[in-house]
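The values are calculated or read from the model by the stated rules, or taken from the named source; none is laboratory data. Keep in mind the model is a prediction, meaning the values are calculated, not measured. All Cβ positions, even for glycine, are placed from backbone atoms using ideal geometry, and neighbour counts span all protein chains on display. Heavy atoms of the whole protein, side chains included, go into the accessibility calculation; ligands, DNA and RNA do not. Shrake-Rupley method; radii C 1.70, N 1.55, O 1.52, S 1.80 Å.
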Amino acid sequence: MRLLEKKLAGSPVAARVAPFLIFLVFTAGQGKFGPASAHWFYLAKTLAGAWLVWEMRPLVREMRWAFSWEAVAVGVGIFAIWVGLDPFYPKFFHGGATGNPNETFGENSALAWFFISVHILGMTLVVPPLEEVFYRSFLYRYFANQDFLSVPLNKFLPLPFFATALVFGFSHNEWLAGILCGAAYQWLVIRKNRLGDAMTAHAITNFLLGVWIVWKHAWHFW
């Protein structure tokens, strides 16, 4: 049995929460040790996150990618909302931002493009499973019942639905778009009775956002 899998195997809560918290520890270190540390920490958390997802997979049965037209529509729609709403509401904070690697490592340098690629890869393939498992699978159902595995994924529960969307939204600088995003991804889980469509929608949103950031030099989103 793999190292972390062995530690988490006895607790469904730990299997869904501990990897997310470990990921957050790396996020907290971004930029705390100089500008370059933001990018090196993102690389570290992407590698750690990929390992965490690998360790979680046998224990978290709902963490399986799924594709549907609804996932594509929600993913593209949330990207449009995230970018379109941005100028029209105040932001509360900007924690954990990595910023523009070109400013740190030199315009169009190999290292700058390396970290841009790492960021897009991480936000597309590593962040969605970790966040969807924590927010849409664990937290939503835990708000309803501490025995959260007894709560079906396709059960709409108003208080957990809005509470989870708010928690997810306010964990982002772009809090209003984040709330709408959290609600949309949770709707997907309820509609499809599985987590995979929300993971795919999240990946599509993040990939498009990453491309937009690089294309439009909208580095404040990072």
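Evaluation of residue 108 against the conditions (1) farther than 30 Å from residue 9 by Cα; (2) in contact with a helix residue (DSSP H, G or I) (Cβ under 6 Å, 6 or more places away or on another chain); (3) polar (S, T, N, Q) shows that the sole unmet condition is (2).
Residue pairs whose Cβ atoms lie under 8 Å apart, separated by 6 or more positions or on different chains, with the first residue in region 41-66 and farther than 22 Å from residue 101 by Cα and the second of a type in the set (Asp, Glu) and at pLDDT below 95, are 55/5; 56/5; 58/5; 59/5. Every test in (1) open to solvent by 50 Å² or more (accessible area, probe 1.4 Å); (2) in contact with a helix residue (DSSP H, G or I) (Cβ under 7 Å, 6 or more places away or on another chain); (3) touching a residue at least 40 places away in the same chain (Cβ under 8 Å) is passed by residue 89 save one, and that test is (1).
Checking each residue in region 1-38 for being crowded, with 18+ Cβ neighbours inside 10 Å, within 17 Å of the chain's Cα centre (by Cα) and in contact (Cβ under 8 Å) with a residue 40 or more places away in the chain picks out 15, 16, 19, 20, 23, 30.
Here are some conditions: (1) open to solvent by less than 10 Å² (accessible area, probe 1.4 Å); (2) under 17 Å from residue 222 (Cα atoms); (3) of a type in the set (Val, Ile, Thr). Residue 133 meets all but one. Which one does it not meet? Failing condition for residue 133: (2).
Take region 39-65 and flag every residue that is small (Gly, Ala, Ser) and open to solvent by less than 40 Å² (accessible area, probe 1.4 Å). Of everything in region 39-65, those that are small (Gly, Ala, Ser) and open to solvent by less than 40 Å² (accessible area, probe 1.4 Å) turn out to be 44, 48, 49.
If I filter region 120-130 for residues that are assigned to a helix (DSSP H, G or I) and more than 22 Å from residue 17 (Cα to Cα), do I get at least one hit? Looking through region 120-130, at least one residue is assigned to a helix (DSSP H, G or I) and more than 22 Å from residue 17 (Cα to Cα). When 150, 137, 109 are checked against the criterion of being of a type outside the set (A, V, I, L, M, F, W, C) and within 15 Å of the chain's Cα centre (by Cα), a single residue qualifies: 137.
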